[in-house]
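Notes follow once the structure below has been shown.
The values are calculated or read from the model by the stated rules, or taken from the named source; none is laboratory data. Since this is a predicted model, take the numbers as computed values, not measurements. Please note: Cβ atoms are built from the backbone with ideal geometry, for glycine as well, and neighbour counts cover all protein chains shown. For the accessible areas, the whole protein counts, side chains as well, though only heavy atoms, and no ligand, DNA or RNA atoms are used. Shrake-Rupley method; radii C 1.70, N 1.55, O 1.52, S 1.80 Å.
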Amino acid sequence: MTEPSKVIHVRNVGHEISENDLLQLFQPFGVITKLVMLRAKNQALLQMQDIPSAVNALQFYANVQPSIRGRNVYVQFSSHQELTTMDQNSQGRGDEPNRILLVTIHHMLYPITVEVLSQVFSPHGFVEKIVTFQKSAGFQALIQYQSRQSAVTARSSLQGRNIYDGCCQLDIQFSNLDELQVNYNNERSRDFTNPSLPTEQKGGPSQTGYGDAGSMYVQASGARAVALPQVRIAPFMMANAAAITAAFGGGLPPGISGTNDRCTILVSNLNPDRIDEDKLFNLFSIYGNIVRIKLLRNKPDHALIQMGDGFQAEFAVHFLKGAMLFGKHLEVNFSKHANITQGADTHEYMNSNLNRFNRNAAKNYRYCCSPTKMIHLSTLPQDVTEQEIVNLLEEHGTIVNSKLFEMNGKKQALVQFETEEQATEALVCKHATSLSGSIIRISFSQLQTI
């Protein structure tokens, strides 16, 4: 009998079985640190964090036949006591540091754009250029940093991490390119050092050459090792799969596809005499995190709003199209611009602690809805009175009813207006304002009556 090992040998692994399928089979027994797919032999090697985790897994599957996608797989201890991560790229630099990274996204359940990659990689240094392309190995990107040290730090910090919880895993190696050539600034490629590049050539691809070049850099050897994260929840300012699943029970609200990858929204028919960036932030941040907002000076009733990701942008478009604000029906559509270029006329919100989806994302998704007549107020002063709340909000319309209550030891309130427009105005004007020293938070409530 083979001596117990933290490395498990899996046989009969068909081509339809993915790395994620194997992870789901063994993750209940402990942390998985490495996974090697031996595609040519229909086998895999999987390393647990310790021997007891591997023993528990094999004892369980000795009594229960493990099956993936209808195919029985067979498990035993490997003769290897430890897996060494092999060089995935015999033709590239592999582990020789370079300022350009080649990134492969595994198990990509949600769209990944240049903007998403920028948010993921920018915390580790100045990203000069990004190019994305699709190859047989999957969705890939080339990320060029200003310095080699930034690339080394990013690879060390991000290798094996998930962009979204449970999916979109980063597989990072050093590229052997010296400089990226970027022709267009759009959702597939970006030169952050040259914002004046055109969006795209009509009818042509955003980049030529990298799709083919990519195959040269990422030809797989017989086995490919992936170092897996021990921290499953990504720290990035984006909606994640776990929050979405928790909010909607595995599905999505009617009318939401979940496949949109456009992050920027064009809002028109605004009332230019009463609107400003912070009021737009207060309204649109109900549906996702806000990166930046730009009011168009040449079209004062237009604004661009860049959301944290395409899913959040789709929520905002779906729920706010046609909403009334300051006497106007809002026109809310996806913009042709992939992102809003940072400048003197943009307001930055990426690092704002008022962004709602940095915490309790699942709860915030669940509360998303079109504007209603009822608003919910929280983070109120403990000694606040119902009359103080009415006094704060009554300038925005007729208050039909109100109720002050306490939940988990904290004061909250419901206020019902005569119309949705009045409630919307109260929200955009009074959310994140101070009441007796407390910054109050306002959302739409789906309750019909108090």
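Quick look at the values:
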| quantity | calculated |
| --- | --- |
| Extreme residue, nearest to the chain's Cα centre (by Cα), among residues of the stretch 146-197 that are over 17 Å from residue 108 (Cβ atoms) and of a type in the set (A, V, I, L, M) | 154 |
| Pairs with Cβ under 7 Å, 6+ apart, first in the stretch 105-122 and in contact (Cβ under 8 Å) with a residue 40 or more places away in the chain, second of a type in the set (Val, Ile, Thr) and open to solvent by 20 Å² or more (accessible area, probe 1.4 Å) | 111/259 |
| Residue in the stretch 350-370 that is in contact (Cβ under 8 Å) with a residue 40 or more places away in the chain and part of a strand (DSSP E or B) present | no |
| Filtered residues of the stretch 13-60 (kept if closer than 15 Å to residue 106 by Cα and of a type in the set (A, V, I, L, M, F, W, C)) | 17, 22, 23, 35, 36, 37 |
| Selection count where residues are in contact with a Ser or Thr (Cβ under 7 Å, 6 or more places away or on another chain) and either closer than 21 Å to residue 261 by Cβ or modelled with pLDDT under 95 (or both), scope the stretch 294-304 | 2 |
| Residue count for the stretch 135-186, restricted to those that are part of a helix (DSSP H, G or I) and either under 24 Å from residue 309 (Cα atoms) or not polar (S, T, N, Q) (or both) | 7 |
| Matching residues in the stretch 427-440 - criterion: being assigned to a loop (DSSP other than H, G, I, E, B) and open to solvent by 50 Å² or more (accessible area, probe 1.4 Å) | 436, 437 |
| Filtered residues of the stretch 264-292 (kept if open to solvent by less than 10 Å² (accessible area, probe 1.4 Å), within 17 Å of residue 310 (Cβ to Cβ) and not aromatic (Phe, Trp, Tyr)) | 264, 265, 267, 285, 288, 289, 290, 291 |
| Residues located in the stretch 58-79, provided they are part of a loop (DSSP other than H, G, I, E, B) and at pLDDT below 85 | 64, 69, 70 |
| Residue in the stretch 55-77 that is under 22 Å from residue 160 (Cα atoms), of a type outside the set (Ser, Thr, Tyr) and surrounded by 20 or more Cβ atoms within 10 Å (Cβ to Cβ) present | no |
| Some residue of the stretch 303-321 being under 20 Å from residue 425 (Cα atoms), of a type in the set (Phe, Trp, Tyr) and assigned to a loop (DSSP other than H, G, I, E, B) | no |
| Matching residues, the stretch 302-326, being of a type in the set (D, E, K, R) and open to solvent by 50 Å² or more (accessible area, probe 1.4 Å) | 321 |
| Every residue from the stretch 392-426 that is open to solvent by less than 20 Å² (accessible area, probe 1.4 Å) and part of a strand (DSSP E or B) | 413, 414, 415, 417 |
| Residue within the stretch 106-114 that is under 27 Å from residue 35 (Cβ atoms), at pLDDT 80 or above, buried (at least 21 other Cβ atoms within 10 Å of the Cβ) and touching a Phe, Trp or Tyr at 6+ places or on another chain (Cβ under 8 Å) present | yes |
| Looking only at the stretch 24-57, and only at residues there that are in contact with a Gly (Cβ under 9 Å, 6 or more places away or on another chain) and among the hydrophobic types (A, V, I, L, M, F, W, C), the one that is modelled with the lowest pLDDT | 40 |
